[in-house]
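Once you've had a glance at the structure underneath, I'll fire off some questions.
The values are calculated or read from the model by the stated rules, or taken from the named source; none is laboratory data. Note that this is a predicted model, so its numbers are computed, not measured. Positions of Cβ are backbone-derived with ideal geometry, glycine not excepted, and every protein chain shown enters the neighbour counts. Just so you know, the surface numbers come from the protein's heavy atoms only, side chains and all, with ligands and any DNA or RNA stripped out. Shrake-Rupley method; radii C 1.70, N 1.55, O 1.52, S 1.80 Å.
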Amino acid sequence: MIKVSNASLPLFQGFQEFWQYLLRAIMNRSELQIWQGLDRFGNVCWHIYDPKTGRSLQADSEAEVRTWIEQQYYQQR
């Protein structure tokens, strides 16, 4: 895991978000995308993006990710 100082955290987060956006644009995938990142305090967080619906979430735990996914799929059926 990469350690980032608090002073450079906004720059690092911006780069990380840009990289994820670029990957999504290149891949143009329709499947659910989940990746791990850092919040503004340097804590691990999870990002979820559903390109089919355009919905996204930033979660603090894997359990929150699972709950969100289950709710999204049950709402669509």
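Between Y74 and S30, with labels modelled 7 Å along Cα→Cβ, what's the label distance in nm to one decimal, could you check?
Simple spin-label model gives 2.6 nm for this pair.
Something else now. Can you list residues from other chains, or at least 5 along the same chain, whose modelled amide H is less than 5 Å from the amide H of C45?
G37, L38, D39
Same structure, new question: Give me the net charge for the shell around G14: Cβ to Cβ below 14 angstrom, other residues only, Lys and Arg +1, Asp and Glu -1.
Working: positive: R40; negative: E17, D39.
In short, -1.
Can you list residues whose amide H is under 5 Å from R55's amide H, if they're 5+ apart or on another chain and H is modeled 1.01 Å from N?
D50
How many percent of the accessible area of region 11-76 is carbon or sulfur, using a 1.4 Å probe?
Values: 2480 of 4810 Å².
The C+S portion of the solvent-accessible surface of region 11-76 is 52 percent.
With each label point set 7 Å from Cα along the Cα-Cβ vector, what nm distance links V44 and E62?
If labels sit at V44 and E62, their model points lie 0.9 nm apart.
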